[in-house]
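Below is one structure, written out as structure tokens, with a few remarks after it.
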């Protein structure tokens, strides 16, 4: 019984020991997994390369979780977005690594090189690509190429006239070099060109002189163009006047021809008008003669009628006067006889005649019984005067 119990106790201890070892192993594994997890991640816009140290193979992985076994795998991440590289040491003329022109003058240029990794070739260069691509691969290639290219040009060309050409040359020479390392060059941009102060001052003066020269050149060209414009204007006016004169002459010729052609038809018409006017004048003359003869004949008839009428009127007047004389004589005879019979009728008649002018007439009757108005009329004196010569 004692042996059985000892064996049981040994078996229990062995099981407990195995379980303890397993638990320790599990705890060690959990701690190892916790401290160094067998997974890693690739961020957005990145490309991952997993290197197997045992086999030496590489696997391209995209963004997300990646199984990376500690001690076996190594994960490298490369950004696929475009990035900018700026050679800061060469941006100033007094910087650490300024560029040199063909004259040997130091100057600085602000460059911006936009690049990215080629995702199709990263796996081919995964063994050779360093961790810091910009400083270990991009900068040496760029610096060597840029220094060599800038040394072909003068500072003035770099500063003003050949900037675009320089950018094109830099892109053309850098693209194949960077493509060999799996780097895609997108563009090369040139910014400010920093020149030494003395050279800049001299260049400013030179540019001022050149600007003045260019201004004078443009002024002369403008004056020359104005002179040419004036000449062209004068020629145009001359041609216009000539054309106008030719047109006026042509119009006069056409008008003269038209007038000549019209005269051919007008002259016969005028001749006919003259003949017609002559005939009309002769007809009018004949008509006037006829009218004059008729008027004269009418006047003769009227004169004869008027003379006859006057003769008859004269005869009638003579007859009337004769009749009036006879009537007056007879009336006077009757009046004389009446007065001789009634002498007071004279006074009455005189009073009637003077009644509207004289209100009262006082006249003494004559002593001889004569006319009462003889004293007023002076008939007595007249009778005495007429009687005296008779005595």
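The values are calculated or read from the model by the stated rules, or taken from the named source; none is laboratory data. Quick caveat, the model's predicted, so the values are computed rather than measured. Because the Cβ atoms are built from the backbone with ideal geometry, glycine has one as well, and the counts that use them run over all protein chains shown.
Tabulated data for the structure shown
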| quantity | calculated |
| --- | --- |
| Flag for residue 81 being surrounded by fewer than 11 Cβ atoms within 10 Å (Cβ to Cβ), within 30 Å of residue 168 (Cα to Cα), out of contact with any helix residue (DSSP H, G or I) (no Cβ under 7 Å at 6 or more places or on another chain) and at pLDDT below 80 | yes |
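Okay, residues lined up against (1) surrounded by fewer than 18 Cβ atoms within 10 Å (Cβ to Cβ); (2) in the same structural domain as residue 115 (by TED's automatic domain parsing); (3) not in a helix (DSSP H, G or I):
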| position | (1), (2), (3) |
| --- | --- |
| 170 | no, yes, no |
| 176 | yes, yes, no |
| 200 | yes, no, no |
| 203 | yes, no, no |
